[in-house]
Structures are given as C-alpha cells and as structure tokens.
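The values are calculated or read from the model by the stated rules, or taken from the named source; none is laboratory data. Just so it is clear, the model here is predicted, and its values are computed rather than measured. Every residue, glycine as well, gets a Cβ built from its backbone with ideal geometry; the counts of neighbours run over all protein chains shown.
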Amino acid sequence: MRPKTTHTSRPRIAVVGAGFAGLTAARELGRQFSVTVLDRSPWFEWLPNIHELLSGVKRSGDLRLPHRALVARSGHRFVQSTVTAIDAGAGRLVTSGGRSIGFDACIVAVGGVHDTFGVPGADRHAMSFKCVDDCDAIGRRLAQLAARPGRLSVVIVGVIYGTLGLLVQKAAIGHLVGLAFNVAASTFAPIFLMGVWWRGMTEKGALWGMVVGLLSSCYMIFFVSTLPVWMQWRIPGLVTVPLAFLTVYIVSKIDGQVPADVNAFMRQIHSPDVPKA
Ligand SMILES: Cc1cc2nc3c(=O)[nH]c(=O)nc-3n(C[C@H](O)[C@H](O)[C@H](O)COP(=O)(O)OP(=O)(O)OC[C@H]3O[C@@H](n4cnc5c(N)ncnc54)[C@H](O)[C@@H]3O)c2cc1C
C-alpha cells in the first residue's frame, strides 16, 4: 500500500507478518522510518527445516527465534497481535485486541495458507505440514498410531522433497551431491568430450557409453556392499567414467558406422566462424 499522508516526523510504516518477507522488509527499512512490525505469533519459525522435527534431528526450540528480539535488532517495534482489518484509505489497521495503529505505508506479508483444494475428506483427515506446531501434531499422531497393534499406513501427499529429506536426514548432504555428480559425469562426460574431439564415435557407441556409465555408477553407489572391498570406492566415478569412455571407444570401433557428415560437424563446432564450403 502506498503512503497516504506525509508527516514532518518520521514516516510510519506498518509491516503485517514477520515471516521471511516481513522481517526482510523491516530489516531494509532504516531508522529514518518509524516501523511497527505485527505478527500473531511470538516466534519466527525456520520453515525449511521443520521436517527435522519429525526425523528427531531438531527440537521445536531449535527452529524458533523470538520475533521481538529479531525486530529489535533492526531498531523497530514489535507488536504481537493478529491484524483483523486494514483501512488503506484511512491509513489505519486494527488488531484482534481492538487496538488501532496508524500508518503512512503498510507492507502486508502474511504468507500463504494451507489449502486442500476442496478434496473431499482432506480437511477432516489430512494434517497440514506448514509450521512447528503442525509437525509436533504430526509427531504426536504418528506416535499414537505406532502404539496401536497392527500395521501402520501413512499417506504423504504432495511432498516429494520433504519426504526425501526425511529419508536421507542423517546422510551427509555433501557426499550425496558428490555421488549425483559421479552419476552425471559417468553418463555424459564421455559422449560430450569424445563427441567434440573424436571423429570415430558412432551412435551405438554413444548410447552404450551412456548406458554403461549410468548403470555402473548407480550399481557402485546403491549396491556398494555387494562389491569386494577393493572395489568399494568412495568416488565411484574414478572407475565408472573411464569405463564409460572405454565402452564408447570399443563399441564405436566394432560398429564402425561413423556419421557421413562428421567432418563438416567437427569443422562447424571447432571453427564456427569459417564459412561452410
Ligand atoms: C516445510 C516447508 C519447507 C520449506 N522449505 C523451503 C526451502 O527450502 N527454501 C525456500 O526458499 N522456501 C522454503 N519454504 C517456503 C518458505 O518457508 C516460504 O516461502 C516463506 O516462509 C514465505 O515467507 P513469508 O514471509 O511470505 O510467509 P510466512 O513465512 O508464512 O510468514 C507469514 C507471517 O505472517 C503472520 N501472519 C499471518 N496472518 C497474520 C495476521 N492476520 N496478523 C498478524 N500476523 C499474521 C504469520 O504468523 C507468519 O509469521 C518452505 C516452506 C515449508 C512449509
């Protein structure tokens, strides 16, 4: 909302919502403004890590910081209250406690809400995964269900990365990223490099190189325990990348079906400025 009035004193800015957006906005506003930040909750919650509450890596307190202290750090005033009405024309907002606060500009940063998109029964049976309290509630419910005899069935809807995060919580992320690069390098590095620098590569050679690179690197990662100890490499690409190069070379040699336009193609990628013959 744009300022309605100007004052001789500092312009009054109201920031409604002290999540990532509201707090960032407040931090950017210098002391030339009189800033009031309002939020219904006393806590700022670090949402990207709330799945760690369920995996037991973190506790609620680890992911909560007091709004008042965060806002004070920027030199502003914090009011813990739910904003129930904003009158932009009059430059006033009202809180659930009936308090009226005037502003010259108002930043509304109240975030999003959990939506079940009208799916029948979802509101009644599904649990939202949006804040620390939600995760605590899910944890309690899972503990209740686990205490009951019989099999436990849980359906997780629409949470691919969250679910993966729960599963690999205790794995070293750096190592996982490294392994992903191993797979990518084993699959694509040979065909990229040989495609650019070797005229003898054939279509079958490239295809087999990718297949062997992909499968061998995945095997060395996912079935590492089935391999002899001397083959249990922490960096499987040291084996699988050369293996993929070798496969491209051997299959291309056996195949021999080099594309007829390979020379024109090489000329084009190595000397793009030279006009075509
Ligand atoms: C489980 C989970 C994991 C996520 N992981 C990532 C990630 O890895 N990377 C990423 O970039 N993003 C991630 N996000 C998304 C990210 O957290 C949101 O995009 C971000 O929180 C949005 O910030 P916001 O300030 O707009 O809203 P919010 O963080 O929702 O803040 C809104 C604030 O407004 C307050 N409020 C609402 N209504 C009122 C009212 N009427 N009066 C007073 N106060 C009010 C609320 O209490 C809240 O504090 C994740 C979200 C979730 C739920």
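Do any helices (runs of 4 or more DSSP H) lying entirely in segment 5-103 carry at least 1 residues that are more than 28 Å from ASP136 (Cα to Cα), and which ones are they? Even if it seems obvious, please write down each step before you answer.
Numbers: elements: 20-28, 51-54, 67-73.
Output list reads 20-28, 67-73.
Among what's in segment 38-61 and is free of Cβ contacts under 8 Å to residues at least 12 places away in the same chain and more than 18 Å from the chain's Cα centre (by Cα), pick the residue that is surrounded by the most Cβ atoms within 10 Å (Cβ to Cβ).
LYS58
Where residues in segment 81-113 are more than 9 Å from the ligand (Cβ to nearest atom), farther than 14 Å from ARG12 by Cα and without any contact (Cβ under 8 Å) to a residue 24 or more places away in the chain, which of them is nearest to the chain's Cα centre (by Cα)?
ALA85
For segment 42-61, enumerate the residues that are out of contact with any helix residue (DSSP H, G or I) (no Cβ under 7 Å at 6 or more places or on another chain) and within 8 Å of the ligand (Cβ to nearest atom).
Correct list: LEU47, PRO48.
For segment 252-260, does any single residue satisfy the condition of being within 26 Å of PHE181 (Cα to Cα) and buried (at least 17 other Cβ atoms within 10 Å of the Cβ)? Steps first, answer last, please.
First pass over segment 252-260, keeping only residues within 26 Å of PHE181 (Cα to Cα): 252.
With the extra rule that they be buried (at least 17 other Cβ atoms within 10 Å of the Cβ), the set shrinks to 252.
For segment 252-260, residues within 26 Å of PHE181 (Cα to Cα) and buried (at least 17 other Cβ atoms within 10 Å of the Cβ): present.
Does any residue in segment 10-21 that is not assigned by TED's automatic domain parsing to the domain that holds TRP46 and among the aromatic types (Phe, Trp, Tyr) come within less than 9 Å, Cβ to Cβ, of a residue that is near the ligand (Cβ under 6 Å from one of its atoms) and in a strand (DSSP E or B) six or more places away or on a different chain, and which pairs are these?
Taking only residues 6 or more apart or on different chains, not a single pair turns up.
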